[in-house]
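These notes concern the structure reproduced below.
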Amino acid sequence: MPMIQISQTPGLTAEQKRAVIEGVTRAYAEASGKDPAKVWVTITEVPGENWGVGGTPLA
C-alpha cells in the first residue's frame, strides 16, 4: 500500500485537510494506476518553531 506523508505548519481546517487528502489520493491513483482505496495519506502538523529553512526557524 502506498503511503503519502505531508508535513506542514498548522492552519488547515478539517474541511481543507479532507480536500487535500482526497486530491492527493486522486492525483496519485491517476498517475500510478493504483487503486485509490489502497492509498494512505497522512498530514502531520509541525509547529513553526520546529521548522527551519536556510538555517532560520520559521517562528
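Summary of computed values
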{"read-out": "Inter-probe distance in nm under a simple model that places probes 7 Å from Cα toward Cβ, at residue 24 and residue 1", "value": "1.5 nm"}
{"read-out": "Inter-label distance for residue 44 and residue 9, nm, one decimal - labels placed 7 Å from Cα along Cα-to-Cβ", "value": "1.9 nm"}
{"read-out": "DSSP-defined beta bridges in the chain - what % are antiparallel, rounded to 5", "value": "25 percent"}
{"read-out": "Given charges at beta-carbon only (K, R positive; D, E negative), |dipole| of the chain in Debye", "value": "160 debye"}
{"read-out": "Mean separation of Cα contacts under 8 Å (6+ apart) over length of the chain, as relative contact order %", "value": "45 percent"}
{"read-out": "The range 3-48: equivalent-ellipsoid semi-axes (sqrt of 5 x gyration tensor eigenvalues, Cα, Å)", "value": "22, 11, 7"}
{"read-out": "Given charges at Cβ of Lys, Arg, Asp, Glu: the chain dipole, positive-most of 46, 32, 14", "value": "32"}
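Values quoted throughout were computed directly from the atomic coordinates according to the rules given, and no laboratory measurement underlies them. Everything numeric in this text was worked out from a predicted model, so none of it was measured. A quick note on method: Cβ atoms are made from the backbone with ideal geometry, for glycine too, and the neighbour counts reach across all protein chains shown.
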